[in-house]
Amino acid sequence: MSEKNISIYVHWPFCSSKCPYCDFNSHIKRDIDNNEWGIALVTELNYLFNKYLEKKESYSLKSIFFGGGTPSLMDPDIVKKIINESKKLFNQNTNDSIEITMEANPGSIFKDKLKSFFDSGINRISIGVQSFDKENLKFLGRDHSVYDAKKALELSRNIFKNLSFDLIYALPEQSIKNWECSLSEAFQFEPDHLSLYQLTIENGTAFNRLYKSGELFPIEDDLASDMYSVTNKLTKENHMPAYEISNHSKIYKKCDHNLAYWRGDDWIGIGPGAVSRFSHDKKRLQIDVRKDPMGWISDVKNKKNGIKKVLSETKKDYLIEKVIMGLRLVDGINLNEISSVLDMNVVSKLIDNKYIICNKNILSATFDGRLRLNSVIAKIIK
């Protein structure tokens, strides 16, 4: 029987503060019973595993990702418990073949705690640096300093063999030179992976309210495009080419967990607001978990899960999702898998206009196509 990859996402919804650009399911709360939450997360994992996964023996656990929120606020013992339970369910005794990532904020990680996370089974750390510029950090509402960020990177580099961190650019009034300086500083820490995101104004955020009131103005599209070009040029020169629109890595250091999303693989999501997607009873299910932390943990205590709704995706929905996610990847997507949902006449025109290419039946976006990917996808889907 051939093995099928599966991933696990663990959502820790708590933060020490709420950043003005963030639309993730995060909540400010400090009096957290880690043991109670650890038990609840393991309980929901077992419930989803036992109720929904078919042919369990055919699955191979590919990755575990602790996201948030700020999961580096978790007790390392709880992290270890979740990792061990995950490996037990899928009969995998070592961490060697499993990428296990923890997101961390510079203000919440110290040497002893990082070492404890490593000992618990974390083998990849992803740090929310966001900027090496004092004023930019202030604008982004981050609760750490430039010193905190650099110290966290130094400590992490000495403990973890797989180091990733995030930076946000294309900020209002940010110059290309300022961004180039940030990238130059980033390369000095010899990261294995970088997630480099242009600032977007998301609904429901503090930045969105400022934007609507005329107090915040995004940078011009042409400048954002120039910054994107600089990003790709400098990362390539530093042997960290893009493999996805916003993600860059050294060879063999692509993020397995995010690739599972972009390739349409199966995954289980546990914790408030988490989403699961996998095949079940000849259908592809999407399971949404309730977002409010206190409501979620109450539900788990009462019925062993925090499920809000279970949706059944049609084959067409699944293939459209594969197009949307797969074209984010530089490697593209197999045309045979998705041709039934594409307008091939439009595809041909966009190939002629050099927004997409098709090489050996692999459809991918060109650099110009990635600059306007949402528009490209909207045009090619029937």
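Assorted remarks:
- Filtered residues of region 170-215 (kept if outside any helix (DSSP H, G or I), more than 22 Å from Asn25 (Cα to Cα) and either in contact with a Phe, Trp or Tyr (Cβ under 9 Å, 6 or more places away or on another chain) or touching a residue at least 24 places away in the same chain (Cβ under 8 Å) (or both)): Ala170, Leu171, Pro172, Glu173, Gln174, Phe189, Glu190, Pro191, Asp192, His193, Leu194
- In region 259-278, the residues that are among the β-branched types (Val, Ile, Thr) and under 11 Å from Asn5 (Cβ atoms): none
- Residue that is surrounded by the most Cβ atoms within 10 Å (Cβ to Cβ) [pool: residues in region 170-186 that are within 27 Å of Ile100 (Cα to Cα) and under 21 Å from the mean Cα position of the chain (by Cα)]: Ala186
- Failed item, numbered, when Lys349 is tested on (1) in a helix (DSSP H, G or I); (2) touching a residue at least 60 places away in the same chain (Cβ under 8 Å): (2)
- Within region 28-53, the set of residues being over 23 Å from His257 (Cβ atoms) and in contact with a Phe, Trp or Tyr (Cβ under 9 Å, 6 or more places away or on another chain) comprises Ile28, Lys29, Arg30, Ile32.
- Scanning region 111-126 for residues that are assigned to a loop (DSSP other than H, G, I, E, B) and either out of contact with any helix residue (DSSP H, G or I) (no Cβ under 6 Å at 6 or more places or on another chain) or surrounded by fewer than 19 Cβ atoms within 10 Å (Cβ to Cβ) (or both) yields Ile122, Asn123.
- Restricting region 160-169 to residues that are of a type outside the set (Ser, Thr, Tyr) and in a strand (DSSP E or B) leaves a set whose member that is surrounded by the fewest Cβ atoms within 10 Å (Cβ to Cβ) is Asp166.
- Residue count, region 187-213 (criterion: aromatic (Phe, Trp, Tyr) and under 19 Å from the mean Cα position of the chain (by Cα)): 1
- Conditions (1) assigned to a loop (DSSP other than H, G, I, E, B); (2) in contact (Cβ under 8 Å) with a residue 40 or more places away in the chain: number failed by Tyr228: (1)
- Residue in region 336-349 that is in contact with a Ser or Thr (Cβ under 8 Å, 6 or more places away or on another chain) and either among the hydrophobic types (A, V, I, L, M, F, W, C) or exposed (fewer than 14 other Cβ atoms within 10 Å of the Cβ) (or both) present: no
- Leu327 vs. criteria crowded, with 18+ Cβ neighbours inside 10 Å and either within 25 Å of Asp221 (Cβ to Cβ) or not charged (D, E, K, R) (or both): yes
- Residue within region 240-256 that is in a loop (DSSP other than H, G, I, E, B), crowded, with 20+ Cβ neighbours inside 10 Å and of a type in the set (Gly, Ala, Ser) present: no
- Qualifying positions in region 21-56 - within 24 Å of the chain's Cα centre (by Cα), assigned to a helix (DSSP H, G or I) and either outside the structural domain of Ile78 (by TED's automatic domain parsing) or not hydroxyl-bearing (Ser, Thr, Tyr) (or both): Asn34, Trp37, Gly38, Ala40, Leu41, Val42, Glu44, Leu45, Asn46, Leu48, Phe49
- Region 127-159 - residue that is assigned to a helix (DSSP H, G or I) and among the polar types (S, T, N, Q) and, of those, surrounded by the fewest Cβ atoms within 10 Å (Cβ to Cβ): Asn158
- Residue in region 177-188 that is in contact with a helix residue (DSSP H, G or I) (Cβ under 7 Å, 6 or more places away or on another chain) and either among the polar types (S, T, N, Q) or more than 26 Å from Ala365 (Cβ to Cβ) (or both) present: no
The values are calculated or read from the model by the stated rules, or taken from the named source; none is laboratory data. Nothing here was measured: the structure is a model prediction, and the numbers come from that model. With ideal geometry, Cβ positions are generated from the backbone for all residues, glycine too; neighbour counts draw on all protein chains shown.
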